[in-house]
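A short worksheet on the structure shown next.
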Ligand SMILES: Nc1ncnc2c1ncn2[C@@H]1O[C@H](COP(=O)(O)OP(=O)(O)OP(=O)(O)O)[C@@H](O)[C@H]1O
Ligand SMILES: [Mg+2]
C-alpha cells in the first residue's frame, strides 16, 4: 500500500513538474509571440513610412522635372510667337502706310489684312493649345497615330530646332496606331530631342542631324531617335537613366529628363526604353551618334 502511495505521489509530483514546465513554456511562447507581433507592427509601420517617404521623393522629382520642362516651354513659346506677332505688326503697318500715303483703303485691302491677321492668330492659338495640352497629364489612354504625336512634339520645339539649324529627317510608318498615353509620350520625345539638340550644340557639330523613325519589327512598334553628335561614352552609358545624373552645368540640366522618360515609358505606358551608340551612313557620309528606342508590344 505504502509502496503504491509512494508511486502515486511520485507520479503526481512528476505530473505537476511537467505541468509547471509546460505552463512556463506556454508563458514564454506567449511573451515571444507578443514580442514578434510588436516587432511586426513596428516593421510594418517602418515599411509604410519608407514607402511614403519614397512616394514623396518621387513627387518632388516629378515636380522638379515639370518645372524644368515648363521653363523650356516658356522660352519656346516666346520663340514661336515672335514671328506671327511680327507678321501682325507688319500687316498693321500696311494699313497705316496706305493711310499716310493717302492711298485708298479699299475692301480688297481690308479683306487681305483681315485674312492675314486671322491666319496669324489661328497659328498663335494652335501653338498655345499644343502647349496647354502638353501640360495636361493624361488620365486616360487613347488611340493615336505615332506619327501624329511625333509631329506635334516637333511643332512644339520647332523654333529651337530651326534656330539651331538642325536637320530633322522623318521616316514614319503612317499606319502605326497605339492605345496609350499620348501627352506623356510627347513629353518623352521632347526630352530626347532636347538632349540631342544640347549635345549637337555642345560638341559643335557642323551638319547637325536628327533622324526620327517609326516602324514595326518582331511584334513591336518602334520609335527611334538618332543623332549624329558622336554618341554617349561607354562609362556613362549605364548611368544616364538614373535620377540627377547629368554631365551638364547645374544651370543647364537637372539630370531628370531621361529618368522621367524611362519611368513614363516603362511604368506608365508598359513599353520599353533603350539606348545604344550606332554608326550610320547618310548620302555617302559616315556618322556616329546615340540611338534612343522606345517600343511597345503590338
Ligand atoms: N543624345 C545624346 N548624346 C550624348 N549624350 C547624351 C544624349 N542624351 C543624353 N545624354 C547624356 O545623358 C545625360 C542625362 O540626360 P538627362 O536628359 O537625363 O539629363 P540632362 O539633359 O543632363 O538634364 P535635364 O534633362 O534634366 O535638363 C546628359 O547629361 C548627357 O550627358
Ligand atoms: Mg535632358
Test result for residue 239, more than 18 Å from residue 66 (Cβ to Cβ) and touching a residue at least 40 places away in the same chain (Cβ under 8 Å): no
Breaking point among (1) part of a loop (DSSP other than H, G, I, E, B); (2) within 16 Å of ligand 2 (Cβ to nearest atom), for residue 192: (1)
Total residues in region 244-255, condition within 8 Å of ligand 1 (Cβ to nearest atom) and modelled with pLDDT under 85: 3
Top-ranked residue of region 140-163 - restricted to ones that are away from ligand 1 (no atom under 14 Å from the Cβ) and not in a helix (DSSP H, G or I), ranked as farthest from residue 215 (Cα to Cα): 140
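Yes or no, residue by residue, for (1) over 24 Å from residue 193 (Cβ atoms); (2) surrounded by 13 or more Cβ atoms within 10 Å (Cβ to Cβ); (3) more than 34 Å from the chain's Cα centre (by Cα):
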| position | (1), (2), (3) |
| --- | --- |
| 73 | no, yes, no |
| 87 | yes, yes, yes |
| 92 | yes, yes, yes |
| 102 | yes, no, yes |
| 125 | no, no, no |
| 144 | no, yes, no |
Single residue of region 168-192 satisfying the filter (within 12 Å of ligand 1 (Cβ to nearest atom) and modelled with pLDDT under 95) that is surrounded by the most Cβ atoms within 10 Å (Cβ to Cβ): 188
Residue check for residue 240: within 14 Å of the chain's Cα centre (by Cα) and under 28 Å from residue 207 (Cα atoms): yes
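The values are calculated or read from the model by the stated rules, or taken from the named source; none is laboratory data. This is a predicted model, so every value here is computed, not measured. Cβ atoms come from the backbone with ideal geometry, glycine included; neighbour counts cover every protein chain shown.
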